[in-house]
Amino acid sequence: MTKLRLAIIGAGPAGIYTADNLLKAERKFDVSIDLFDRLPAPYGLVRYGVAPDHPRIKGIITALRDTLDRGDIRVFGNVEFGVDLTLDDLREHYNAVVFATGSSRDAPLAVPGIDAEGSYGAAEFVSWYDGHPDVPRDWPLQQSTSVAVIGNGNVALDVARMLAKHVEDLLPTEIPQNVHDGLAASQITDVHIFGRRGPTQVKFTPLELRELGELRDVDMVLYDEDFDYDEAQRAAVASNKQVMVIDRILQSWRNRVVETPASRRLHLHFFAKPVEVRTDAAGRVSSFVYERTAPDGQGGVVGTGELREVPVQGLYRAIGYFGSPLPGVPFDKRHGVVPNREGRVLHKDSNEYVPGLYVTGWVKRGPVGLIGHTKSDAMETVRNLINDQAFWWQPSHPEETAIPALLRSRGVPWTDLEGWHRLDAHEIALGEPHERARIKVVPRDEMVRISRAE
Ligand code: NAP
């Protein structure tokens, strides 16, 4: 019986669902899977992207862990593709590779001043509050009282909620100590969220929106001028259930009677297209300038030419994620994805398949959709991988001992599944005295040391 030796790069949901799908699929060959991640711990965006106060989504980890614990997937953490292991290495050791590396960079926003001090990409801030080992430990929240969040997607809401929430209300979560301390020092009183279109054209979802209104000691501030709906907006509310629910939530906040004003406010500004980030003499963000847009009568918006300026000392753009190129693998720079047809990687300029290379998840389809969508995505990629048996690589060293030997020869301190269990238990134990589910370990060397029991 033939054996498929498969490398999966990326141990987030996309990579783990791929392994799970393949192991459960009907096929005429044996499978042996090696799962690589550049981080010492698995679960990708569930561990390092989902907000700490979203335990329901974090709970996906339980299912992902069950897959890893099946015992037939080898995990190699702390191994960076392109640095510790190249595409040539993979060709020598495997029949094929699936890239499931996601999109972890921030999409660029081309307005003057966007690179000023105090202007951040949402992904950077998310990585910080989720204890990602590769971002600085400190976040300067003590320098701002008002901040802007650009974008009307769920990431914008996560960022705005984390900025507005009182740190005591995050205590039951797994936030690391440095994040707790950073948030505790925050001087922020006003978080302004700016959407370039109207309330009926947002990308965030009702559940996530509703949560903002439930934050303790935070008032929701909406502006009447944004709710003068035209015919197209009224039609959107009437015809789309999600838009209807979102509108209902927003209207309920407009009608809310505030008896005792809260100490913090979350402002929702619609019809606000980014124009410029202004700075003070020291080059720090001092205000956000936007152009007021207006409904175009067909469900879109047009610029009005009216510029407005809001003083802020910090700015977070949450306008979408973007994939990173993988050394030796075709990359579509415009869309931030690997060019592919149903998961089979394509040469950049020809539309021809590159044998042996596959993609799944956000690096395949772009950074849209919820984690659940990644499952069907993986299924499609796996189906094509199985059907392509005739085109797989013929590795010269398919034996399973070859990869650990190679990594050892290069001095790569990789972490394995047993190591993850060790780190997992360590984090849970750190949380126990404080009655918290876990406290994350942040520094990479400490994660590696604990995993490797060194
Ligand atoms: P997103 O849903 O695509 O939202 C991006 C937002 O940025 C949109 O409002 C978009 O406006 C705006 N935008 C884009 N370019 C802009 C520009 N040049 N100027 C001003 N605004 C601009 O992306 P995301 O928020 O990064 O979320 C990514 C995916 O992860 C989504 O599927 C999301 O639902 C998911 N996610 C889910 C959760 C959750 O379930 N709790 C949490 C986080 C993320 P336009 O609509 O006008 O383009």
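The values are calculated or read from the model by the stated rules, or taken from the named source; none is laboratory data. Keep in mind it's a predicted model, so treat the numbers as computed, not measured. Cβ atoms come from the backbone with ideal geometry, glycine included; neighbour counts cover every protein chain shown. Surface accessibility is based on the protein's heavy atoms, side chains included, excluding ligands, DNA and RNA. Shrake-Rupley method; radii C 1.70, N 1.55, O 1.52, S 1.80 Å.
Observations, loosely collected:
- Residue among 216, 248, 234 that is modelled with pLDDT of 95 or more and within 30 Å of residue 187 (Cβ to Cβ): 216
- Residue within segment 204-219 that is assigned to a loop (DSSP other than H, G, I, E, B), without any contact (Cβ under 8 Å) to a residue 40 or more places away in the chain and either within 14 Å of the ligand (Cβ to nearest atom) or over 19 Å from the mean Cα position of the chain (by Cα) (or both) present: yes
Yes/no matrix, rows are residues, columns are (1) in contact with a His (Cβ under 9 Å, 6 or more places away or on another chain); (2) closer than 17 Å to residue 380 by Cβ; (3) surrounded by fewer than 23 Cβ atoms within 10 Å (Cβ to Cβ):
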{"residue": "3", "(1), (2), (3)": "no, no, yes"}
{"residue": "6", "(1), (2), (3)": "no, yes, no"}
{"residue": "9", "(1), (2), (3)": "no, no, no"}
{"residue": "13", "(1), (2), (3)": "no, yes, no"}
{"residue": "28", "(1), (2), (3)": "no, no, yes"}
{"residue": "34", "(1), (2), (3)": "yes, no, no"}
{"residue": "40", "(1), (2), (3)": "no, no, no"}
{"residue": "43", "(1), (2), (3)": "no, no, no"}
{"residue": "46", "(1), (2), (3)": "no, no, yes"}
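- Restricting 117, 124, 168 to those that are among the acidic types (Asp, Glu), in contact (Cβ under 8 Å) with a residue 60 or more places away in the chain and more than 11 Å from the ligand (Cβ to nearest atom) reduces the list to 117.
- Answer from 361, 366, 343, 336 - the residue that is closer than 14 Å to residue 98 by Cβ, open to solvent by less than 20 Å² (accessible area, probe 1.4 Å) and within 13 Å of the ligand (Cβ to nearest atom): 361
- The C-beta contact set for segment 39-60 (first residue more than 18 Å from residue 10 (Cβ to Cβ), second residue within 11 Å of the ligand (Cβ to nearest atom) and open to solvent by 10 Å² or more (accessible area, probe 1.4 Å), distance under 6 angstrom, 6+ apart or interchain) comprises 51/158; 57/50; 58/50.
- Residue list for segment 290-343, restricted to those being assigned to a loop (DSSP other than H, G, I, E, B), closer than 20 Å to residue 202 by Cβ and within 22 Å of the chain's Cα centre (by Cα): 318, 319, 320
- Scan of segment 183-203 for residues that are surrounded by fewer than 18 Cβ atoms within 10 Å (Cβ to Cβ) and either part of a loop (DSSP other than H, G, I, E, B) or within 16 Å of the ligand (Cβ to nearest atom) (or both), ordered by number: 185, 187, 189, 203
- Lone unmet requirement of (1) under 17 Å from residue 81 (Cα atoms); (2) crowded, with 22+ Cβ neighbours inside 10 Å for residue 324: (2)
- Restricted to segment 70-182, the set of helices (runs of 4 or more DSSP H) holding at least 3 residues that are modelled with pLDDT of 95 or more and buried (at least 24 other Cβ atoms within 10 Å of the Cβ) comprises 122-129, 154-164.
- Any hit, segment 424-439, residues being open to solvent by 80 Å² or more (accessible area, probe 1.4 Å) and modelled with pLDDT of 95 or more: no
- The set of residues in segment 235-262 being closer than 15 Å to residue 202 by Cα and among the basic types (Lys, Arg) consists of 241, 248.
- Reported count of residues in segment 300-318, each being open to solvent by 70 Å² or more (accessible area, probe 1.4 Å) and either touching a residue at least 40 places away in the same chain (Cβ under 8 Å) or among the aliphatic types (A, V, I, L, M) (or both), is 3.
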